[in-house]
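Visitor: Here you go, one structure.
The values are calculated or read from the model by the stated rules, or taken from the named source; none is laboratory data. For clarity, every value in this text was computed on a predicted model and none was experimentally measured. We place every Cβ from the backbone using ideal geometry, glycine too, and count neighbours over all the protein chains shown.
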Amino acid sequence: MICVSLGRTRHKMMIAEHQSLAQRGAELVELRLDFLSHLPDLTRLLKERPTPVIVTCRRSQDKGLWKGGEDQRQTLLRAAIISEVEYVDLEEDTARKIPRYGKTKRIVSHHDFEETPRDLEAIHARLCKLDPDVVKIVTMAHTPADSVRMLKLVKEAKVPTVGFCMGEFGGFSRILCGKYGAPFSYATFKKERQMAPGQFTFEEMQRIFRYDQIGPETEVFGVLGDPVGHSLSPLIHNAAFKSLGMNKVYVPFRVPRDQLVFTLDQFKWLGVKGYSVTIPHKEAVVSQAQNFDGPVEQIGAANTLYQDADRQWWASNSDYDAALQSLALAGVDENGKVPTPEEFLTGKKVLVLGCGGVARAVGMGVINCGGALTLTNRTHARAVELAKHLGCQQVTWENRGSQYADVLINCTSVGMHPGVNESPFAENWLREGMVVFDTIYNPEQTLFLKQAKQRGCKTVSGVEMFVRQAAVQFQKFTGQPAPLEIMQRKLRRVISAVTVKDEDDEQPGTQVAKT
(Lines give C-alpha, C1' and ligand atoms only; values in the text may rest on other atoms or scores of the structure.)
Protein backbone atom coordinates (compact mmCIF):
# COMPACT_ATOMS: atom_id res chain seq x y z
CA MET A 1 0.00 0.00 0.00
CA ILE A 2 1.15 3.55 -0.76
CA CYS A 3 0.65 6.32 1.78
CA VAL A 4 0.53 9.75 0.15
CA SER A 5 1.71 12.64 2.32
CA LEU A 6 -0.31 15.85 2.08
CA GLY A 7 0.96 19.14 3.40
CA ARG A 8 -0.94 22.33 2.54
CA THR A 9 -1.29 25.66 4.31
CA ARG A 10 -5.07 25.77 3.85
CA HIS A 11 -7.70 23.27 4.97
CA LYS A 12 -9.59 23.72 1.71
CA MET A 13 -6.63 22.63 -0.44
CA MET A 14 -5.77 19.68 1.81
CA ILE A 15 -9.35 18.43 1.59
CA ALA A 16 -9.49 18.92 -2.19
CA GLU A 17 -6.22 17.04 -2.76
CA HIS A 18 -7.36 14.26 -0.43
CA GLN A 19 -10.48 13.81 -2.55
CA SER A 20 -8.40 13.89 -5.74
CA LEU A 21 -6.10 11.18 -4.41
CA ALA A 22 -9.06 8.97 -3.52
CA GLN A 23 -10.35 9.30 -7.09
CA ARG A 24 -6.91 8.28 -8.37
CA GLY A 25 -6.90 5.13 -6.25
CA ALA A 26 -5.03 6.16 -3.12
CA GLU A 27 -5.79 3.89 -0.15
CA LEU A 28 -4.01 5.76 2.64
CA VAL A 29 -3.22 9.48 3.08
CA GLU A 30 -1.02 11.21 5.66
CA LEU A 31 -2.40 14.56 6.81
CA ARG A 32 0.51 16.77 7.88
CA LEU A 33 -1.17 19.11 10.35
CA ASP A 34 2.06 21.06 10.87
CA PHE A 35 1.82 22.49 7.34
CA LEU A 36 -1.47 24.29 8.02
CA SER A 37 -1.09 28.04 8.55
CA HIS A 38 -3.97 28.14 11.06
CA LEU A 39 -4.83 25.91 14.00
CA PRO A 40 -5.91 22.57 12.49
CA ASP A 41 -9.67 21.92 12.42
CA LEU A 42 -9.77 18.15 12.84
CA THR A 43 -13.53 17.93 12.45
CA ARG A 44 -13.35 19.61 9.06
CA LEU A 45 -10.43 17.45 7.88
CA LEU A 46 -11.74 14.13 9.16
CA LYS A 47 -15.55 14.23 9.02
CA GLU A 48 -15.99 13.06 5.42
CA ARG A 49 -12.50 11.76 4.70
CA PRO A 50 -12.53 9.67 1.53
CA THR A 51 -9.71 7.32 2.62
CA PRO A 52 -8.14 6.09 5.83
CA VAL A 53 -5.60 8.58 7.18
CA ILE A 54 -2.46 8.94 9.23
CA VAL A 55 -2.47 12.11 11.34
CA THR A 56 1.02 13.57 11.76
CA CYS A 57 2.20 16.83 13.31
CA ARG A 58 5.96 17.29 13.17
CA ARG A 59 7.98 19.65 15.36
CA SER A 60 10.83 21.75 13.98
CA GLN A 61 13.34 19.50 15.76
CA ASP A 62 11.96 16.66 13.62
CA LYS A 63 12.19 18.78 10.42
CA GLY A 64 8.50 19.68 10.66
CA LEU A 65 6.72 23.04 10.45
CA TRP A 66 4.76 23.10 13.71
CA LYS A 67 5.07 26.55 15.28
CA GLY A 68 2.78 26.10 18.29
CA GLY A 69 3.60 24.78 21.73
CA GLU A 70 4.28 21.14 22.52
CA ASP A 71 1.26 20.82 24.81
CA GLN A 72 -0.97 22.13 22.03
CA ARG A 73 0.56 19.67 19.55
CA GLN A 74 0.01 16.70 21.84
CA THR A 75 -3.55 17.85 22.48
CA LEU A 76 -4.16 17.73 18.72
CA LEU A 77 -2.74 14.21 18.49
CA ARG A 78 -4.92 13.05 21.40
CA ALA A 79 -7.95 14.66 19.74
CA ALA A 80 -7.19 12.75 16.55
CA ILE A 81 -7.09 9.52 18.53
CA ILE A 82 -10.41 10.32 20.22
CA SER A 83 -11.83 11.01 16.73
CA GLU A 84 -10.82 7.43 15.84
CA VAL A 85 -8.50 8.22 12.97
CA GLU A 86 -7.03 5.08 11.47
CA TYR A 87 -3.42 5.92 12.43
CA VAL A 88 -1.56 8.52 14.46
CA ASP A 89 2.19 9.06 14.04
CA LEU A 90 4.06 9.50 17.33
CA GLU A 91 7.77 10.23 17.76
CA GLU A 92 9.64 8.12 20.31
CA ASP A 93 9.39 10.61 23.18
CA THR A 94 5.78 11.49 22.30
CA ALA A 95 4.76 7.83 22.28
CA ARG A 96 5.89 7.58 25.92
CA LYS A 97 3.44 10.34 26.87
CA ILE A 98 0.40 9.42 24.78
CA PRO A 99 -1.08 6.00 25.58
CA ARG A 100 -3.13 3.78 23.33
CA TYR A 101 -6.83 4.58 23.19
CA GLY A 102 -9.73 3.26 21.16
CA LYS A 103 -9.35 1.90 17.65
CA THR A 104 -6.57 4.20 16.42
CA LYS A 105 -3.38 2.36 15.50
CA ARG A 106 -0.06 3.72 16.71
CA ILE A 107 2.87 4.41 14.37
CA VAL A 108 5.94 4.99 16.51
CA SER A 109 8.52 6.71 14.36
CA HIS A 110 12.17 7.71 14.24
CA HIS A 111 13.67 10.03 11.62
CA ASP A 112 17.34 10.82 11.06
CA PHE A 113 17.98 13.39 8.35
CA GLU A 114 21.77 13.24 8.79
CA GLU A 115 22.76 9.59 8.47
CA THR A 116 21.82 5.95 8.79
CA PRO A 117 23.17 5.20 12.27
CA ARG A 118 25.11 2.08 13.09
CA ASP A 119 22.71 1.15 15.88
CA LEU A 120 19.59 0.73 13.70
CA GLU A 121 18.65 -2.48 15.45
CA ALA A 122 18.92 -0.87 18.90
CA ILE A 123 16.73 2.05 17.80
CA HIS A 124 14.18 -0.38 16.39
CA ALA A 125 14.17 -2.39 19.63
CA ARG A 126 13.45 0.77 21.66
CA LEU A 127 10.52 1.70 19.41
CA CYS A 128 9.09 -1.80 19.65
CA LYS A 129 8.75 -1.37 23.43
CA LEU A 130 6.39 1.62 23.03
CA ASP A 131 3.25 -0.34 22.15
CA PRO A 132 3.35 0.25 18.37
CA ASP A 133 1.12 -1.28 15.75
CA VAL A 134 3.68 -0.12 13.19
CA VAL A 135 7.29 0.98 13.66
CA LYS A 136 8.56 3.59 11.21
CA ILE A 137 12.29 4.26 10.74
CA VAL A 138 13.49 6.68 8.06
CA THR A 139 17.16 7.69 7.77
CA MET A 140 19.46 9.46 5.34
CA ALA A 141 21.52 7.13 3.14
CA HIS A 142 25.07 8.13 2.26
CA THR A 143 25.80 4.91 0.39
CA PRO A 144 23.65 2.24 -1.29
CA ALA A 145 24.76 -0.12 1.49
CA ASP A 146 22.83 2.00 4.02
CA SER A 147 19.63 1.14 2.17
CA VAL A 148 20.49 -2.56 2.14
CA ARG A 149 20.95 -2.44 5.92
CA MET A 150 17.55 -0.80 6.27
CA LEU A 151 15.81 -3.40 4.11
CA LYS A 152 17.42 -6.20 6.12
CA LEU A 153 15.98 -4.62 9.26
CA VAL A 154 12.50 -4.49 7.70
CA LYS A 155 12.65 -8.13 6.66
CA GLU A 156 13.82 -9.37 10.06
CA ALA A 157 11.42 -7.23 12.14
CA LYS A 158 8.86 -9.01 14.31
CA VAL A 159 6.69 -5.87 14.54
CA PRO A 160 5.40 -4.56 11.17
CA THR A 161 8.01 -1.99 10.13
CA VAL A 162 8.02 0.76 7.55
CA GLY A 163 11.72 1.31 6.90
CA PHE A 164 13.48 3.07 4.04
CA CYS A 165 16.20 5.62 3.39
CA MET A 166 16.07 9.19 2.15
CA GLY A 167 18.25 10.74 -0.55
CA GLU A 168 19.29 9.47 -3.96
CA PHE A 169 21.08 6.49 -2.43
CA GLY A 170 17.83 5.51 -0.73
CA GLY A 171 15.34 5.72 -3.58
CA PHE A 172 15.29 1.99 -4.29
CA SER A 173 14.55 1.23 -0.63
CA ARG A 174 11.29 3.22 -0.88
CA ILE A 175 10.24 0.90 -3.72
CA LEU A 176 11.55 -2.40 -2.40
CA CYS A 177 10.56 -2.11 1.28
CA GLY A 178 7.21 -3.73 0.45
CA LYS A 179 9.02 -6.78 -0.92
CA TYR A 180 10.52 -7.29 2.52
CA GLY A 181 7.36 -6.84 4.56
CA ALA A 182 6.76 -3.11 5.08
CA PRO A 183 2.98 -2.55 5.43
CA PHE A 184 3.25 0.57 3.26
CA SER A 185 5.67 3.11 1.80
CA TYR A 186 5.32 6.87 1.41
CA ALA A 187 4.93 9.06 -1.66
CA THR A 188 4.34 12.73 -2.32
CA PHE A 189 1.40 14.36 -4.09
CA LYS A 190 3.65 16.24 -6.54
CA LYS A 191 7.38 16.15 -7.29
CA GLU A 192 7.83 19.83 -6.45
CA ARG A 193 6.31 19.23 -2.99
CA GLN A 194 8.64 16.53 -1.71
CA MET A 195 8.55 16.26 2.07
CA ALA A 196 11.81 14.33 2.23
CA PRO A 197 14.79 13.94 -0.12
CA GLY A 198 14.35 11.23 -2.74
CA GLN A 199 10.59 10.89 -2.36
CA PHE A 200 8.71 9.62 -5.42
CA THR A 201 5.29 10.88 -6.43
CA PHE A 202 2.17 8.77 -5.97
CA GLU A 203 1.89 8.50 -9.75
CA GLU A 204 5.47 7.22 -10.07
CA MET A 205 5.03 4.67 -7.31
CA GLN A 206 1.68 3.55 -8.69
CA ARG A 207 2.17 3.63 -12.46
CA ILE A 208 5.90 3.21 -13.06
CA PHE A 209 6.98 0.91 -10.24
CA ARG A 210 3.57 -0.72 -9.55
CA TYR A 211 4.39 -0.71 -5.84
CA ASP A 212 1.23 -2.52 -4.79
CA GLN A 213 2.13 -5.51 -6.98
CA ILE A 214 5.58 -5.92 -5.40
CA GLY A 215 5.87 -8.90 -3.06
CA PRO A 216 8.37 -11.43 -1.73
CA GLU A 217 8.56 -13.24 -5.08
CA THR A 218 9.06 -10.11 -7.20
CA GLU A 219 12.32 -10.25 -9.15
CA VAL A 220 14.49 -7.13 -9.04
CA PHE A 221 16.38 -5.43 -11.88
CA GLY A 222 17.83 -1.95 -12.11
CA VAL A 223 20.11 0.64 -13.62
CA LEU A 224 23.55 1.34 -12.09
CA GLY A 225 24.90 4.85 -12.53
CA ASP A 226 25.89 8.16 -10.97
CA PRO A 227 23.86 10.23 -11.51
CA VAL A 228 20.87 8.04 -12.25
CA GLY A 229 17.81 10.11 -11.35
CA HIS A 230 17.41 11.33 -14.94
CA SER A 231 17.32 7.83 -16.41
CA LEU A 232 14.16 6.78 -18.24
CA SER A 233 15.18 3.11 -18.19
CA PRO A 234 12.86 2.34 -15.24
CA LEU A 235 9.97 3.80 -17.22
CA ILE A 236 10.32 1.59 -20.28
CA HIS A 237 11.48 -1.62 -18.58
CA ASN A 238 8.64 -1.51 -16.06
CA ALA A 239 6.17 -0.77 -18.86
CA ALA A 240 7.47 -3.84 -20.68
CA PHE A 241 7.17 -6.01 -17.54
CA LYS A 242 3.60 -4.80 -17.04
CA SER A 243 2.56 -5.43 -20.64
CA LEU A 244 3.69 -9.07 -20.37
CA GLY A 245 2.29 -9.62 -16.87
CA MET A 246 5.70 -10.26 -15.31
CA ASN A 247 6.26 -10.17 -11.55
CA LYS A 248 9.38 -8.03 -11.89
CA VAL A 249 10.40 -4.48 -10.99
CA TYR A 250 13.19 -2.27 -12.33
CA VAL A 251 14.61 0.41 -10.02
CA PRO A 252 17.31 3.13 -10.08
CA PHE A 253 20.52 2.38 -8.17
CA ARG A 254 22.77 5.39 -7.68
CA VAL A 255 26.27 4.01 -7.12
CA PRO A 256 29.38 6.23 -6.84
CA ARG A 257 32.34 5.39 -9.06
CA ASP A 258 34.54 4.27 -6.16
CA GLN A 259 31.83 2.07 -4.58
CA LEU A 260 30.89 -0.18 -7.50
CA VAL A 261 32.58 -3.40 -6.40
CA PHE A 262 31.53 -3.07 -2.75
CA THR A 263 27.95 -2.18 -3.70
CA LEU A 264 27.52 -5.10 -6.08
CA ASP A 265 28.68 -7.37 -3.27
CA GLN A 266 26.11 -5.78 -0.93
CA PHE A 267 23.38 -6.12 -3.55
CA LYS A 268 23.77 -9.89 -3.55
CA TRP A 269 21.42 -9.84 -0.56
CA LEU A 270 18.79 -8.10 -2.71
CA GLY A 271 18.99 -10.90 -5.24
CA VAL A 272 19.14 -8.54 -8.21
CA LYS A 273 18.82 -10.53 -11.45
CA GLY A 274 20.20 -8.00 -13.90
CA TYR A 275 21.55 -4.49 -14.30
CA SER A 276 21.62 -1.87 -16.98
CA VAL A 277 24.91 0.01 -16.60
CA THR A 278 25.46 3.67 -17.39
CA ILE A 279 27.98 6.45 -16.65
CA PRO A 280 30.50 6.11 -14.97
CA HIS A 281 30.55 2.31 -14.63
CA LYS A 282 30.55 0.94 -18.18
CA GLU A 283 34.26 0.20 -18.23
CA ALA A 284 34.76 -0.86 -14.61
CA VAL A 285 31.80 -3.25 -14.62
CA VAL A 286 33.50 -5.55 -17.17
CA SER A 287 35.69 -7.01 -14.43
CA GLN A 288 32.62 -7.99 -12.39
CA ALA A 289 31.42 -10.69 -14.80
CA GLN A 290 32.62 -14.26 -15.22
CA ASN A 291 31.47 -14.47 -18.85
CA PHE A 292 31.22 -12.17 -21.86
CA ASP A 293 28.43 -11.98 -24.41
CA GLY A 294 29.60 -10.42 -27.67
CA PRO A 295 32.60 -8.09 -28.16
CA VAL A 296 32.69 -6.77 -24.59
CA GLU A 297 36.41 -7.39 -24.06
CA GLN A 298 37.18 -5.96 -27.48
CA ILE A 299 35.16 -2.82 -26.72
CA GLY A 300 36.40 -2.53 -23.14
CA ALA A 301 32.97 -1.53 -21.84
CA ALA A 302 29.63 -3.13 -20.97
CA ASN A 303 26.18 -1.69 -20.39
CA THR A 304 24.49 -4.89 -19.21
CA LEU A 305 25.04 -7.42 -16.44
CA TYR A 306 22.73 -10.41 -16.25
CA GLN A 307 22.53 -13.85 -14.68
CA ASP A 308 22.09 -17.10 -16.56
CA ALA A 309 20.19 -20.15 -15.31
CA ASP A 310 23.27 -21.25 -13.33
CA ARG A 311 23.48 -17.82 -11.64
CA GLN A 312 26.67 -16.99 -13.49
CA TRP A 313 27.10 -13.30 -14.32
CA TRP A 314 27.50 -12.22 -17.93
CA ALA A 315 28.58 -8.84 -19.27
CA SER A 316 27.10 -7.63 -22.53
CA ASN A 317 27.06 -4.43 -24.58
CA SER A 318 23.67 -3.81 -26.14
CA ASP A 319 24.85 -0.33 -27.22
CA TYR A 320 26.93 -2.05 -29.90
CA ASP A 321 24.14 -3.67 -31.90
CA ALA A 322 21.60 -0.94 -31.11
CA ALA A 323 23.85 1.82 -32.46
CA LEU A 324 24.58 -0.07 -35.67
CA GLN A 325 20.91 -0.90 -36.23
CA SER A 326 19.96 2.74 -35.64
CA LEU A 327 22.63 4.06 -38.00
CA ALA A 328 21.47 1.75 -40.76
CA LEU A 329 18.04 3.43 -40.67
CA ALA A 330 19.65 6.45 -42.37
CA GLY A 331 20.35 4.29 -45.42
CA VAL A 332 16.77 3.15 -46.11
CA ASP A 333 15.98 3.21 -49.85
CA GLU A 334 12.86 4.41 -51.69
CA ASN A 335 11.30 0.96 -51.27
CA GLY A 336 11.72 1.06 -47.52
CA LYS A 337 14.54 -1.47 -47.42
CA VAL A 338 16.99 -0.92 -44.58
CA PRO A 339 20.60 -1.92 -45.38
CA THR A 340 22.73 -3.99 -43.05
CA PRO A 341 25.16 -1.99 -40.90
CA GLU A 342 28.01 -3.36 -43.02
CA GLU A 343 26.33 -2.25 -46.25
CA PHE A 344 25.70 1.20 -44.84
CA LEU A 345 29.09 1.88 -43.21
CA THR A 346 31.64 0.25 -45.48
CA GLY A 347 33.98 2.89 -46.89
CA LYS A 348 32.35 5.82 -45.07
CA LYS A 349 34.31 8.33 -43.03
CA VAL A 350 32.86 8.53 -39.52
CA LEU A 351 33.60 11.17 -36.86
CA VAL A 352 32.60 10.27 -33.28
CA LEU A 353 32.31 13.01 -30.66
CA GLY A 354 33.20 11.75 -27.16
CA CYS A 355 35.16 8.82 -25.80
CA GLY A 356 33.03 7.36 -23.02
CA GLY A 357 31.41 3.94 -22.81
CA VAL A 358 28.91 4.57 -25.62
CA ALA A 359 31.68 5.87 -27.90
CA ARG A 360 33.69 2.71 -27.28
CA ALA A 361 30.81 0.53 -28.42
CA VAL A 362 29.86 2.74 -31.36
CA GLY A 363 33.49 3.13 -32.47
CA MET A 364 34.15 -0.60 -32.42
CA GLY A 365 30.96 -1.21 -34.38
CA VAL A 366 31.97 1.32 -37.04
CA ILE A 367 35.38 -0.30 -37.48
CA ASN A 368 33.97 -3.84 -37.56
CA CYS A 369 31.50 -2.77 -40.25
CA GLY A 370 34.16 -1.28 -42.50
CA GLY A 371 33.95 2.40 -41.62
CA ALA A 372 36.95 4.74 -41.37
CA LEU A 373 36.76 6.08 -37.80
CA THR A 374 38.09 9.31 -36.30
CA LEU A 375 37.59 10.17 -32.62
CA THR A 376 37.58 13.49 -30.80
CA ASN A 377 37.04 14.34 -27.15
CA ARG A 378 37.11 17.39 -24.91
CA THR A 379 39.84 15.70 -22.87
CA HIS A 380 42.37 14.98 -25.59
CA ALA A 381 44.24 12.30 -23.64
CA ARG A 382 41.10 10.11 -23.63
CA ALA A 383 40.82 10.41 -27.41
CA VAL A 384 44.45 9.37 -27.79
CA GLU A 385 43.95 6.39 -25.46
CA LEU A 386 40.76 5.16 -27.15
CA ALA A 387 42.12 5.68 -30.66
CA LYS A 388 45.10 3.51 -29.74
CA HIS A 389 42.75 0.87 -28.27
CA LEU A 390 40.52 0.80 -31.38
CA GLY A 391 43.29 1.33 -33.92
CA CYS A 392 41.81 4.46 -35.51
CA GLN A 393 42.54 8.17 -36.01
CA GLN A 394 41.91 10.98 -33.52
CA VAL A 395 41.75 14.75 -33.71
CA THR A 396 41.70 17.48 -31.09
CA TRP A 397 38.33 18.82 -29.95
CA GLU A 398 39.21 22.28 -31.25
CA ASN A 399 39.82 20.90 -34.76
CA ARG A 400 36.79 18.61 -34.96
CA GLY A 401 35.08 20.88 -37.49
CA SER A 402 37.95 20.56 -39.95
CA GLN A 403 37.32 16.85 -40.46
CA TYR A 404 35.43 15.65 -43.53
CA ALA A 405 32.87 13.05 -42.46
CA ASP A 406 30.07 11.14 -44.15
CA VAL A 407 28.67 10.23 -40.74
CA LEU A 408 28.81 12.35 -37.58
CA ILE A 409 27.89 10.75 -34.23
CA ASN A 410 27.48 12.53 -30.90
CA CYS A 411 28.37 10.31 -27.95
CA THR A 412 28.76 13.18 -25.46
CA SER A 413 26.12 14.47 -23.05
CA VAL A 414 26.11 17.93 -24.65
CA GLY A 415 22.51 18.83 -25.47
CA MET A 416 20.94 16.44 -22.97
CA HIS A 417 18.00 17.64 -20.87
CA PRO A 418 18.08 20.10 -19.17
CA GLY A 419 20.94 21.64 -21.23
CA VAL A 420 18.79 21.60 -24.36
CA ASN A 421 20.21 24.83 -25.82
CA GLU A 422 23.70 23.39 -26.31
CA SER A 423 25.23 21.52 -29.24
CA PRO A 424 28.56 19.66 -29.50
CA PHE A 425 29.14 20.74 -33.12
CA ALA A 426 28.87 24.18 -34.70
CA GLU A 427 26.04 24.54 -37.21
CA ASN A 428 28.29 25.97 -39.93
CA TRP A 429 30.44 22.82 -39.81
CA LEU A 430 27.50 20.67 -40.91
CA ARG A 431 27.08 19.95 -44.61
CA GLU A 432 24.21 18.79 -46.76
CA GLY A 433 23.91 15.02 -47.18
CA MET A 434 25.87 14.20 -44.03
CA VAL A 435 24.31 11.56 -41.74
CA VAL A 436 24.02 12.95 -38.21
CA PHE A 437 23.28 10.61 -35.31
CA ASP A 438 22.78 11.82 -31.73
CA THR A 439 22.88 9.11 -29.05
CA ILE A 440 21.08 11.45 -26.61
CA TYR A 441 17.42 10.44 -26.26
CA ASN A 442 16.07 13.20 -24.00
CA PRO A 443 15.08 15.35 -25.77
CA GLU A 444 14.58 13.31 -28.91
CA GLN A 445 15.09 16.30 -31.18
CA THR A 446 18.23 17.90 -29.74
CA LEU A 447 19.54 21.25 -30.95
CA PHE A 448 22.27 19.27 -32.72
CA LEU A 449 19.69 17.33 -34.74
CA LYS A 450 17.51 20.38 -35.40
CA GLN A 451 20.45 22.28 -36.87
CA ALA A 452 21.47 19.22 -38.89
CA LYS A 453 18.00 19.02 -40.47
CA GLN A 454 18.15 22.70 -41.36
CA ARG A 455 21.46 22.07 -43.14
CA GLY A 456 20.00 19.23 -45.21
CA CYS A 457 21.50 16.34 -43.25
CA LYS A 458 19.92 12.95 -42.70
CA THR A 459 19.31 12.50 -38.97
CA VAL A 460 18.86 9.62 -36.55
CA SER A 461 17.66 10.28 -32.99
CA GLY A 462 18.88 8.63 -29.80
CA VAL A 463 15.41 7.23 -29.14
CA GLU A 464 16.04 4.57 -31.78
CA MET A 465 19.24 3.44 -30.10
CA PHE A 466 17.97 3.76 -26.54
CA VAL A 467 14.90 1.61 -27.09
CA ARG A 468 16.81 -0.97 -29.12
CA GLN A 469 19.55 -1.36 -26.52
CA ALA A 470 16.89 -1.63 -23.79
CA ALA A 471 15.06 -4.28 -25.82
CA VAL A 472 18.24 -6.35 -26.06
CA GLN A 473 18.71 -6.00 -22.29
CA PHE A 474 15.10 -7.00 -21.66
CA GLN A 475 15.56 -10.22 -23.64
CA LYS A 476 18.73 -11.07 -21.75
CA PHE A 477 17.01 -10.31 -18.42
CA THR A 478 13.84 -12.33 -19.13
CA GLY A 479 14.58 -14.72 -21.99
CA GLN A 480 11.64 -13.25 -23.91
CA PRO A 481 11.42 -10.78 -26.81
CA ALA A 482 10.80 -7.21 -25.71
CA PRO A 483 7.54 -5.40 -26.57
CA LEU A 484 9.42 -2.83 -28.66
CA GLU A 485 6.44 -0.73 -29.72
CA ILE A 486 5.20 -0.35 -26.14
CA MET A 487 8.66 0.75 -24.99
CA GLN A 488 8.96 3.27 -27.85
CA ARG A 489 5.50 4.68 -27.24
CA LYS A 490 6.05 5.06 -23.49
CA LEU A 491 9.41 6.79 -23.97
CA ARG A 492 8.18 9.25 -26.61
CA ARG A 493 5.12 10.14 -24.55
CA VAL A 494 7.23 11.10 -21.53
CA ILE A 495 9.86 12.94 -23.56
CA SER A 496 7.10 14.89 -25.29
CA ALA A 497 5.60 15.87 -21.93
CA VAL A 498 8.97 17.12 -20.67
CA THR A 499 9.52 19.12 -23.87
CA VAL A 500 6.15 20.84 -23.49
CA LYS A 501 7.02 21.78 -19.91
CA ASP A 502 10.36 23.21 -21.06
CA GLU A 503 8.60 25.36 -23.63
CA ASP A 504 6.16 26.56 -20.96
CA ASP A 505 9.10 27.49 -18.75
CA GLU A 506 10.33 29.88 -21.40
CA GLN A 507 7.12 31.89 -21.38
CA PRO A 508 7.28 35.06 -19.26
CA GLY A 509 5.73 34.77 -15.84
CA THR A 510 5.36 30.97 -15.80
CA GLN A 511 7.08 28.49 -13.51
CA VAL A 512 6.70 24.83 -14.35
CA ALA A 513 8.84 22.28 -12.57
CA LYS A 514 10.85 19.94 -14.80
CA THR A 515 10.39 16.25 -14.17
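Visitor: Residue 204 - would you say it is over 28 Å from residue 486 (Cβ atoms), of a type outside the set (Phe, Trp, Tyr) and either assigned by TED's automatic domain parsing to the domain that holds residue 252 or free of Cβ contacts under 8 Å to residues at least 40 places away in the same chain (or both)?
Guide: Spelling it out, it is not the case that residue 204 is over 28 Å from residue 486 (Cβ atoms), of a type outside the set (Phe, Trp, Tyr) and either assigned by TED's automatic domain parsing to the domain that holds residue 252 or free of Cβ contacts under 8 Å to residues at least 40 places away in the same chain (or both).
Visitor: Go through (1) closer than 21 Å to residue 463 by Cβ; (2) over 11 Å from the mean Cα position of the chain (by Cα) for residue 225 and report which single condition fails.
Guide: Result: residue 225 fails condition (2) only.
Visitor: With segment 1-106 as the region, which helices (runs of 4 or more DSSP H) entirely inside it contain at least 1 residues that are closer than 29 Å to residue 211 by Cβ and in contact with a Phe, Trp or Tyr (Cβ under 7 Å, 6 or more places away or on another chain)?
Guide: The helices (runs of 4 or more DSSP H) meeting that bar are 11-23, 70-82.
Visitor: Follow-up question, since we're still on this one. What pairs come up if the first residue lies in segment 401-427 and is at positive phi, the second is among the small types (Gly, Ala, Ser) and part of a loop (DSSP other than H, G, I, E, B), and their beta carbons are under 6 Å apart, counting only those six or more places apart or on different chains?
Guide: From residues that are at positive phi, the pairs are 415/423.
Visitor: Here's a follow-up. Output the residue which, of all residues in segment 291-332 that are part of a helix (DSSP H, G or I), of a type in the set (Ser, Thr, Tyr) and touching a residue at least 60 places away in the same chain (Cβ under 8 Å), is nearest to residue 456 (Cα to Cα).
Guide: 326
Visitor: Then there's this: Scan segment 303-314 and tell me whether some residue there is over 26 Å from the mean Cα position of the chain (by Cα), buried (at least 20 other Cβ atoms within 10 Å of the Cβ) and aromatic (Phe, Trp, Tyr).
Guide: no
Visitor: Given the residues 467, 436, 472, 463, which is the only one that is assigned to a helix (DSSP H, G or I) and in contact with a Lys or Arg (Cβ under 8 Å, 6 or more places away or on another chain)?
Guide: Checking each option against the conditions leaves just 463.
Visitor: So is residue 154 under 23 Å from residue 201 (Cα atoms), out of contact with any helix residue (DSSP H, G or I) (no Cβ under 6 Å at 6 or more places or on another chain), of a type in the set (A, V, I, L, M, F, W, C) and in the same structural domain as residue 188 (by TED's automatic domain parsing) or not?
Guide: No: the conditions fail for residue 154.
Visitor: Within segment 12-38, count every residue that is surrounded by fewer than 17 Cβ atoms within 10 Å (Cβ to Cβ) and touching a helix residue (DSSP H, G or I) at 6+ places or on another chain (Cβ under 8 Å).
Guide: Adding up the residues that qualify gives 3.
Visitor: Among the residues of segment 81-103, is any touching an Asp or Glu at 6+ places or on another chain (Cβ under 8 Å), among the β-branched types (Val, Ile, Thr), free of Cβ contacts under 8 Å to residues at least 40 places away in the same chain and not assigned by TED's automatic domain parsing to the domain that holds residue 224?
Guide: no
Visitor: Among the residues of segment 322-338, which ones are touching a Ser or Thr at 6+ places or on another chain (Cβ under 8 Å) and under 16 Å from residue 484 (Cα atoms)?
Guide: Listed by number, the list holds a single entry, 323.
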